[in-house]
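Student: What follows is a single structure, and I will ask about it in a moment.
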Amino acid sequence: MSVLLLLQKMLKDKEKIILLIMIIIVWIIILISWNKPYPNMKSRCTSTKEIELIIKSLKTKNSYGHDKISTKILKLNGTFISSPINYVCNKMLFCGVYPDRLKYTIIKPLHKNDDRCDVPKYRPGLLLASFSTIFETLTQRRVLKHLTKYNILSTEQYSFRLGLRTDNATYKLTTETLNAMNNKLLVGGIFCDLEKAFDCVNHDILLSKMKFYGISEKDLTLYQSYLDKRYCRTAIYNDSENSNKVQIGLK
């Protein structure tokens, strides 16, 4: 009788051990999959037609950056310059090198409201090289396609996405609030405003996140080249300061 009880106890302990081992294995799989990088983004070359469409999509402006070429001039000559721009863009995509002459930014303070002598009442207006805008649009579309394909972006991410605006976020918030109130539920909200968020972006952290999300080595080298040795200067009327190297932030 005692032998049977011992065997039953051993079987029960064995079942517990097996169950414990299975739980540990599941947790290991979850941790591995959680820390596993996403698939690499597939690089593809651009075409003259794509460059022409990007040029047409640019806003027509008379203002210009370091290259002294406005988007208005680009759009008027898009048919003639699309082929050489296509060649340069493909060189950048496959060599991973961004031209230094496109890394200069001019910052002009733009008055928002109230007292013109109050510095916080101004916001920075960035004037980029027009050709740089073409390349940024080109790469933004490729990265966004990769992020969308693998559902990397949160469903609550509304800004900087095609077909979505902050109006959609306002509509969703209003709808969910009214539905909760109609169901006699308590409604609460926490709102955070990150001031000058883009000016505080750490380049090393940004590049490490891009690598984790599948930006391959060749593309990662290109973005590293894009962020490296960037310069900006502030211009007020016709006077401007000397260019300063950008150590942090996206300008």
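Student: Tell me, what % of the accessible area of the chain is carbon and sulfur with a 1.4 angstrom probe? It would help to have the intermediate numbers written out before the result.
Tutor: Numbers: 11470 of 18770 Å².
Summing carbon and sulfur atoms, their accessible area is 61 percent of the total for the chain.
Student: Calculate the radius of gyration of the Cα atoms of the chain to one decimal place, then report Dmax, the largest Cα-Cα distance, as a whole number, both in Å.
Tutor: 26.7, 102
Student: At V119 and L178, where each label point lies 7 Å from the Cα along Cα→Cβ, what is the point-to-point distance in nanometres?
Tutor: Computed distance between label sites V119 and L178 equals 4.5 nm.
Student: Could you tell me whether the range 113-251 comes out rounded, prolate or oblate from its Cα gyration tensor? Rule is a ≥ b ≥ c as square roots of the eigenvalues, rounded for a/c under 1.5, then prolate if a/b exceeds b/c, otherwise oblate. It would help to have the intermediate numbers written out before the result.
Tutor: Details: a/c = 2.42, a/b = 1.30, b/c = 1.87.
Verdict is oblate for the range 113-251.
Student: Pairing the Cα long axis of helix 48-57 with the longest principal axis of the chain, what angle in degrees results, from 0 to 90 and rounded to the nearest 10?
Tutor: The angle comes out near 80 degrees.
Student: For Q157 and K245 in the same chain, what is the full-extension length gain: residue separation times 0.36 nm, less their Cα-Cα distance, in nm?
Tutor: Additional length available on full extension: 28.6 nm.
Student: Right, next: From the convex hull of the Cα coordinates of the range 32-172, what is the mean projected area in square nanometres?
Tutor: Numbers: hull surface 50.0 nm².
Mean shadow area of the hull around the Cα atoms is 12.5 nm².
Student: Quick check: the angle from helix 166-182's long axis to the longest principal axis of the chain, C-alpha only, nearest 10 degrees?
Tutor: Orientation of helix 166-182: about 40 degrees from the principal axis.
Student: Further question: Could you pull out the pairs from K61/K209; K42/K196; K196/K245 whose alpha carbons sit more than 24 Å apart here?
Tutor: On the way: K61/K209 34 Å; K42/K196 32 Å; K196/K245 18 Å.
Going by Cα-Cα distance, K61/K209; K42/K196 fall outside the 24 Å limit.
Student: Over 32 Å between Cα atoms, which of K112/K145; K72/K172; K49/K121; K108/K218; K56/K103; K103/K172 qualify?
Tutor: On the way: K112/K145 35 Å; K72/K172 37 Å; K49/K121 42 Å; K108/K218 34 Å; K56/K103 23 Å; K103/K172 39 Å.
Pairs exceeding 32 Å: K112/K145; K72/K172; K49/K121; K108/K218; K103/K172.
Student: In Å², and per residue, what accessible area does the range 164-251 have when probed at 1.4 Å with the other protein chains present? Please list the in-between numbers first.
Tutor: On the way: 6890 Å² over 88 residues.
That works out to 78 Å² per residue.
Student: On to the next question. Give the angle, between 0 and 90 degrees and rounded to the nearest 10, that separates the Cα long axis of helix 78-95 from the longest principal axis of the Cα atoms of the chain.
Tutor: Long axis of 78-95 versus the principal axis of the chain: about 40 degrees.
The values are calculated or read from the model by the stated rules, or taken from the named source; none is laboratory data. None of the values given here were measured: they were computed from a predicted structure. All Cβ positions, even for glycine, are placed from backbone atoms using ideal geometry, and neighbour counts span all protein chains on display. SASA here: full protein model, heavy atoms, side chains in, ligands and nucleic acids out. Shrake-Rupley method; radii C 1.70, N 1.55, O 1.52, S 1.80 Å.
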